[in-house]
């Protein structure tokens, strides 16, 4: 489900404008990667450095969302530290994970 980049309200896939604030809805594309738990933190760090990522969702092998990371422009390392710590815990508990990456088109 996409979210408004201005106010954060949930949007439907076919919305062109946010029903709450009226801002134009940015179109996003989704990619899905399958990674082993040992490579999870490194892969997420790589995705964060790409810059055009708006949201990262980590799912287990059954498709259940374990962690959703909203990524904004200008995020600094101290803000990401708690997210990366949570990823470390997920990596310790899961064997295989899927990463869903949302990018602005």
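Overview of values
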quantity: Residue that is surrounded by the most Cβ atoms within 10 Å (Cβ to Cβ), among those in the range 28-43 that are in contact with a helix residue (DSSP H, G or I) (Cβ under 8 Å, 6 or more places away or on another chain) and modelled with pLDDT of 85 or more; calculated: 35
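Listed here are the residues, each with its yes/no results for (1) part of a strand (DSSP E or B); (2) modelled with pLDDT of 80 or more; (3) in contact with a helix residue (DSSP H, G or I) (Cβ under 8 Å, 6 or more places away or on another chain).
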{"site": "26", "(1), (2), (3)": "no, no, no"}
{"site": "45", "(1), (2), (3)": "no, yes, yes"}
{"site": "57", "(1), (2), (3)": "yes, yes, no"}
{"site": "66", "(1), (2), (3)": "yes, yes, yes"}
{"site": "81", "(1), (2), (3)": "no, no, no"}
{"site": "90", "(1), (2), (3)": "no, no, yes"}
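The values are calculated or read from the model by the stated rules, or taken from the named source; none is laboratory data. The shown structure was predicted, so the numbers you read here are calculated from the model rather than taken from an experiment. No Cβ is skipped: glycine too gets one built from the backbone with ideal geometry, and neighbour counts run over all protein chains shown.
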